[in-house]
1. Select from the stretch 181-206 the residues that are out of contact with any strand residue (DSSP E or B) (no Cβ under 9 Å at 6 or more places or on another chain) and of a type in the set (Lys, Arg) and list them in ascending order.
2. When you go through Leu92, Leu132 one by one, which is the residue that is crowded, with 17+ Cβ neighbours inside 10 Å, of a type outside the set (Asp, Glu), part of a helix (DSSP H, G or I) and not assigned by TED's automatic domain parsing to the domain that holds Gly167?
3. Take the conditions among the small types (Gly, Ala, Ser), free of Cβ contacts under 8 Å to residues at least 40 places away in the same chain and under 20 Å from Tyr291 (Cβ atoms) and apply them to Ala172. Does it pass?
4. Please determine whether any residue of the stretch 52-71 is touching a helix residue (DSSP H, G or I) at 6+ places or on another chain (Cβ under 8 Å), more than 22 Å from Thr207 (Cβ to Cβ) and not charged (D, E, K, R).
5. How many residues does the stretch 241-298 hold that are among the aromatic types (Phe, Trp, Tyr) and under 26 Å from His124 (Cα atoms)?
6. Do you know which residues across the stretch 46-75 are in a helix (DSSP H, G or I) and of a type in the set (Gly, Ala, Ser)?
7. So Pro98 ticks every box in (1) under 23 Å from Val173 (Cα atoms); (2) out of contact with any helix residue (DSSP H, G or I) (no Cβ under 8 Å at 6 or more places or on another chain) but one. Which box is left unticked?
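The values are calculated or read from the model by the stated rules, or taken from the named source; none is laboratory data. Since the structure is predicted, the reported quantities are computational estimates derived from the model, not experimental observations. FYI the Cβ positions are ideal-geometry reconstructions off the backbone, even for glycines, and counts take in every protein chain you see.
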Amino acid sequence: MDRQNIFDWLWVTNCLGCGNKRIWEVVDKFSTVSEACAVLRDRNARADYLTAKEQKSADGIDDGQIDELISYCEKGNIYILTYDDEKYPERLKSIFNPPAVLYCRGDMTCLENNFSISIVGTRHPSDYSVRLTNALAKELAKFGVVIISGFAVGIDIAANMSAVNSGGKTIAVLGCGLDRNYPKENFAYRSEIEKNGLFISEYYPQTGGSPVSFPARNRILSGLSLGTIVIEAAEKSGALITANLALSQGKDIFAAAPHDLFDKRYGGNVRLIRDGAVCLCGLKDILYEYYENYGHKIASAADELLMKLPETAEQKNVPQKNNSGKPADEPKKSAKKAEKSVPEIIEPQFDVSLFNDEEKAVYNTLKNSGTPMLADDIASACGIDIADMLSILTDLEIEGAVIQKAGQSYIAN
């Protein structure tokens with residue numbers, strides 16, 4: 001993106017106010033932002049488009065300060081992402097009042113993956129909520145999901161750091177400028193997140209937070225996501241603002257099952273579940289929701305995890321696929337010992353002994369067949385209704401026990 005285009009966007013944003021929906025009411029009347037900027041800079045022409053207050057604001061804009069801001073960002077490794085930049089996420093463009101400009105620092109590839117989930121919750125979570133956040137963020141990140149949160153103390157930072165520590169991607173959406181040390185408690189985590197994650201904000205780098213800016217940033221947080229997970233929220237929790245914004249944007253809402261229905265700290269969760277949110281009891285509740293459209297990414301992420309393992313004696317005892325696509329010889333160690341040897345692999349390593357009777361029947365039928373089978377044929381062989389069979393096959397696919405082949409047929413892994 002050329003410097004002049006960035007300048008035009010910053011001029012218009014400066015004139016109308018960061019995050020102000022008036023930006024779009026004005027810019028949409030022109031073919032390009034450059035055209036809009038040229039007209040608004042003309043004192044005689046701008047009166048047809050700006051209010052008296054906005055005209056006064058335009059008079060006070062210092063072009064030199066905008067140039068200094070661009071240079072400041074260049075020196076500080078801050079990428080200025082404008083609405084018409086090819087890197088601007090399409091999903092974010094579809095929300096009401098999308099940010100015209102975003103300031104970004106870190107790994108910009110985080111914005112390329114549209115398989116993303118936001119995780120939000122209270123700043124003073126229970127131990128149960130922290131454990132749940134750590135587990136969900138860690139496992140979702142392993143399956144290629146970008147974890148998005150707000151970098152606040154409590155649930156937010158737990159989600160951001162769990163994703164980073166598991167080698168995944170995370171996006172921290174700030175309600176202040178990138179160069180403001182807020183919150184101070186989380187400053188030590190910034191460098192870790194920047195290595196494998198991304199900080200974004202619609203506010204100038206040195207801008208402090210305000211009671212308005214943090215709720216406003218939540219539309220970006222939810223807008224970037226496929227769905228939003230509410231871990232812990234009381235009846236009047238700020239996390240519910242994000243949930244309501246996500247709902248208005250047509251996104252999925254997941255509410256963690258409370259550890260105690262009578263605990264007021266989870267009053268917001270209970271209300272969301274009553275209103276139709278998915279009651280989140282584990283990782284599969286999320287993967288089920290997106291398996292149809294993102295199953296290939298889930299599967300490839302599982303394979304990638306296996307490939308990343310260090311070459312150790314323990315790894316050599318993990319069943320590997322040969323060129324035929326069938327499992328190689330079983331390891332000499334028991335499944336339980338192998339699992340302990342490689343604790344990072346959870347989903348790709350399935351344990352048949354943990355399957356229920358119907359899952360075992362389906363898996364054994366496919367394994368004994370040795371050739372791909374259609375779902376109808378598997379249902380007939382196992383004496384299971386086809387609707388139930390499809391659900392079982394989806395479960396087994398996520399576990400890594402079954403592989404779907406061309407023509408809607410299945411084989412055992």
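1. Of everything in the stretch 181-206, just one residue is out of contact with any strand residue (DSSP E or B) (no Cβ under 9 Å at 6 or more places or on another chain) and of a type in the set (Lys, Arg), namely Lys184.
2. Among Leu92, Leu132, only Leu92 is crowded, with 17+ Cβ neighbours inside 10 Å, of a type outside the set (Asp, Glu), part of a helix (DSSP H, G or I) and not assigned by TED's automatic domain parsing to the domain that holds Gly167.
3. No: the conditions fail for Ala172.
4. Yes, some residue in the stretch 52-71 is touching a helix residue (DSSP H, G or I) at 6+ places or on another chain (Cβ under 8 Å), more than 22 Å from Thr207 (Cβ to Cβ) and not charged (D, E, K, R).
5. Qualifying residue count, the stretch 241-298: 3.
6. Ala47, Ala52, Ser57, Ala58, Gly64, Ser71 - these are the residues of the stretch 46-75 that are in a helix (DSSP H, G or I) and of a type in the set (Gly, Ala, Ser).
7. (2)
For (1) crowded, with 22+ Cβ neighbours inside 10 Å; (2) out of contact with any Asp or Glu (no Cβ under 8 Å at 6 or more places or on another chain); (3) of a type in the set (Gly, Ala, Ser); (4) closer than 27 Å to Asn181 by Cα, each residue gets a yes or a no:
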| site | (1), (2), (3), (4) |
| --- | --- |
| Lys195 | no, no, no, yes |
| Tyr203 | yes, yes, no, yes |
| Gly209 | no, yes, yes, yes |
| Phe214 | no, yes, no, yes |
| Leu221 | yes, yes, no, yes |
| Leu224 | yes, yes, no, yes |
| Gly227 | no, no, yes, no |
| Ile231 | yes, yes, no, yes |
| Ser248 | no, yes, yes, no |
